[in-house]
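Notes follow the structure.
The values are calculated or read from the model by the stated rules, or taken from the named source; none is laboratory data. Given the structure is predicted, the values throughout are model-derived calculations rather than measurements. Neighbour counts are summed over all protein chains in view; Cβ atoms, including those assigned to glycine, are modelled from backbone coordinates with ideal geometry.
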Amino acid sequence: MSMKKELQDGYIALISIMIIGTAIMAIALTLLMTGTDAQRSALVSQQTIQARQISNACVEEALQKIHDTTSFAGSGMLTVGMGSCTYTVASTGVNTRTISANGTAGGVVRKAMVYVTINTSNISITSWQEVL
């Protein structure tokens, strides 16, 4: 009888260890997946900020072109760090321009739309907004 009792105790211990091991493995896997998701989210957040800054750099480049030649209307491209951007300046009147810029970092794209008024002595930004 005692041999049978020891076998039962062994099976109970083995099953208990398997259940506890499975629970620990599930917890570890959950923590690993949570960490991976957080890291991916942080990367996208960083690329979003970079894409916005790169888009702003293109707007600044376009503003410089308008400053240098007030009749400027056209497009251009910049490579900044690990990203790039394109811009287009459209003439919307004798003294007004619209600048649209797209900045890309990684797989993230941010767009800006800027409305400009040109006076004899200066350039005024009427509106500068991020476009979704």
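Annotations
- Of the criteria (1) surrounded by fewer than 10 Cβ atoms within 10 Å (Cβ to Cβ); (2) modelled with pLDDT under 85, which one ASP68 fails: (2)
- Residue that is nearest to ARG40 (Cα to Cα) [pool: residues in segment 104-132 that are small (Gly, Ala, Ser) and part of a strand (DSSP E or B)]: ALA105
- When GLY93 is tested against (1) of a type in the set (Gly, Ala, Ser); (2) at pLDDT below 95; (3) under 29 Å from VAL44 (Cβ atoms), exactly one condition is not met: (3).
- Index of the failed condition, ARG52 passing every other in (1) in contact (Cβ under 8 Å) with a residue 24 or more places away in the chain; (2) in contact with an Asp or Glu (Cβ under 8 Å, 6 or more places away or on another chain); (3) part of a strand (DSSP E or B); (4) not hydrophobic (A, V, I, L, M, F, W, C): (3)
- Any hit, segment 72-80, residues being under 16 Å from THR117 (Cα atoms) and in a helix (DSSP H, G or I): no
- For VAL114, the conditions (1) surrounded by fewer than 18 Cβ atoms within 10 Å (Cβ to Cβ); (2) touching a strand residue (DSSP E or B) at 6+ places or on another chain (Cβ under 7 Å) are fulfilled apart from (1).
To keep it simple, each residue is scored yes or no on (1) of a type outside the set (S, T, N, Q); (2) touching a Cys at 6+ places or on another chain (Cβ under 6 Å); (3) at pLDDT 85 or above.
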| site | (1), (2), (3) |
| --- | --- |
| SER2 | no, no, no |
| ASP9 | yes, no, no |
| MET18 | yes, no, yes |
| ARG40 | yes, no, no |
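- Within segment 33-40, one or more residues are without any contact (Cβ under 8 Å) to a residue 60 or more places away in the chain, among the hydroxyl-bearing types (Ser, Thr, Tyr) and either surrounded by 10 or more Cβ atoms within 10 Å (Cβ to Cβ) or touching a Gly at 6+ places or on another chain (Cβ under 9 Å) (or both).
- Scan of segment 77-103 for residues that are surrounded by fewer than 19 Cβ atoms within 10 Å (Cβ to Cβ) and under 20 Å from the mean Cα position of the chain (by Cα), ordered by number: MET77, LEU78, THR79, VAL80, GLY81, MET82, SER84, THR86
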